[in-house]
Amino acid sequence: MNTNLTKFLKGISMSVAAIGLFAASSASAAELTVYTAVEADELAGFKKAFESDNPGITINWIRDSTGIVTSKLMAEKNNPKADVVWGLAATSLMLLGNEGYFQGYAPAGLDKLEPKFYDQVNKAPQWVGQRAWIASVCFNTVEGAKHNLPIPTDWQDLTKPVYKGHVIMPNPNSSGTGFLDVSSWMQMMGEEAAWTYMDGLHENIARYTHSGSAPCKLAARGETAIGVSFAYRGAKSKSEGAPLEVIAPSPGVGWDLEAFAIVHNTKNLAAAKKLADWSVTEKAMAMYNESYAVVSMKGKSKPVENFPAGIEGKMIQNDFAWAASNRIRILDEWRKRYDSKSDPKG
């Protein structure tokens with residue numbers, strides 16, 4: 001063979017090999033933009049654990065409350081900025097999925113999850129749940145005693161005149177916790193009765209916050225007697241010494257899933273899939289279960305200190321599809337009725 005031709009072919013072979021190495025390197029080295037509503041004090045631990053297991057991939061969290069993240073994603077619908085949405089309410093992901101926002105992916109280990117905790121409509125799930133966050137009431141026993149307030153045990157209790165001005169809850173337009181409260185009341189009571197209930201509750205509300213954890217934080221600091229929030233935040237504050245009772249009111253409590261999905265146009269698909277795979281590992285589930293009592297992997301949920309006793313048994317049969325499809329209509333009506341007591345935005 002001609003010497004020059006041999007050199008030419010050898011050069012092509014080396015170039016092809018180099019391209020292959022570059023492609024492999026690019027797949028394992030990436031910066032993921034990840035939108036999330038997970039509590040800020042947990043994110044550093046998740047980032048460290050994932051990046052340790054996946055060298056070369058860096059997570060850049062963009063964090064805010066559920067409603068704000070959902071609105072941001074909707075605003076970016078025609079030009080998505082995120083690679084992955086992680087730890088956002090499943091109802092929000094279903095709403096966005098109906099807009100064609102995500103691409104289906106079945107992460108390795110999906111078969112180990114409870115079927116009710118991931119998308120059952122699409123063969124390749126568009127969203128996969130990680131853990132449940134569950135409605136609860138944080139009651140400050142010191143403030144309660146100061147104002148002669150009985151401990152509420154039923155949602156209806158919060159409409160009693162004795163609690164007037166002593167209740168704070170999240171605005172469902174900006175808070176996923178607020179929306180799971182409203183949608184669960186509707187599922188438990190029926191829509192008409194739920195609006196009547198919220199009319200009565202509104203009379204006792206001091207303010208609506210834009211964060212789901214804020215009412216419990218305020219109760220923990222003694223700035224209100226009652227904060228409608230979620231169990232993780234109440235349990236954490238109580239474990240840190242706050243004088244709280246964390247209550248799962250009768251007849252049942254709303255809940256939603258922190259879930260993840262891969263954005264359809266990501267340029268970092270290989271890295272996004274690695275995050276999805278890691279998110280359903282036993283290691284990740286153990287981390288979720290440090291703070292949340294119900295995780296999506298079969299047989300891996302263990303009790304968490306200071307969660308209300310028997311809270312899993314009080315979780316309602318949540319119709320996620322109904323909540324997602326009616327979300328905008330419910331939020332618009334809620335805003336018309338009650339937004340006058342909401343904290344200023346910003």
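Derivation of every value follows stated rules applied to the coordinates shown; laboratory data play no part. Quantities reported herein were computed from a predicted structural model and do not represent experimental measurements. We place every Cβ from the backbone using ideal geometry, glycine too, and count neighbours over all the protein chains shown.
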_Using 26 Å as the Cα-Cα cut-off, could you pick out the over-long pairs in 238/298; 273/314; 81/302; 72/314; 160/302; 236/283?_
238/298; 273/314; 81/302; 72/314; 160/302
*Grab the Cα-Cα distance for residue 153 and residue 321, subtract it from 0.36 nm times how many residues apart they are, and report the gain in nm with one decimal.*
57.6 nm
*Geometric extent, Cα atoms of segment 135-231 - Rg, Dmax (angstrom)*: 12.3, 36
*Report, in deg cm²/dmol and to the nearest 500, the calculated mean residue ellipticity at 222 nm for the chain, where each DSSP H run with n ≥ 4 adds -39500 (n - 2.57) and the sum is divided by the residue count.*
-13500 deg cm²/dmol
*Hey, with R₀ at 45 Å, roughly what FRET efficiency would residue 305 and residue 78 work out to, going by the Cβ-Cβ distance, to 0.05?*
0.50
*What's the longest piece of the chain with no exposed trypsin sites (Lys or Arg not before Pro), counting a site as exposed if DSSP puts it in a loop and it has at most 14 other beta carbons within 10 Å?*
1-76
*Could you tell me which of 196, 226, 292 has its Cα farthest along the dipole of the chain towards the positive end, charges placed at Cβ (Lys, Arg +1; Asp, Glu -1), taken about the Cα centre?*
292
*For segment 63-212, treating each Cα as an identical point scatterer without solvent, what Debye log10 I(q)/I(0) comes out at q = 0.10, 0.14, 0.17 1/Å?*
-0.47, -0.81, -1.03
_√(5λ) per eigenvalue of the Cα gyration tensor, the chain, largest first, Å_ = 44, 20, 17
*Can you give the % of DSSP beta bridges in the chain that are antiparallel, to the nearest 5?*
60
_Magnitude of the charge dipole, the chain, Cβ model with Lys/Arg +1 and Asp/Glu -1, debye to 20_ = 880
*Tilt of helix 66-75 relative to the longest C-alpha principal axis of the chain, in degrees (0 to 90, nearest 10)?*
50
